[in-house]
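Quick note: the coordinates plus some simple rules give every number you see, no bench work behind them. Note that the coordinates shown come from a computational prediction; the quantities given were computed from them, not determined experimentally.
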Amino acid sequence: MVMYAGQGVALISEIIPASEVVKRLVAEAKHVMREKLSDYQ
């Protein structure tokens, strides 16, 4: 299987630490859960 390492390079707009990626992921997940749960109240 051939893997092309350069295909996704153009999609990178910034280099951020892994901890920031996790913080953003958690914040977005909380936001989505709050939106979805508010539909049931």
Task: Per-q log10 I(q)/I(0), the chain, q = 0.14 Å⁻¹ (Debye; single scatterer per alpha-carbon; no solvent) - done: -0.57
Task: Vicinal HN-Hα couplings computed from phi for the range 20-33 (Karplus, 6.51 cos²θ - 1.76 cosθ + 1.60; Hz; Gly/Pro x) - done: 5, 4, 5, 4, 5, 4, 5, 4, 5, 5, 4, 4, 5, 5
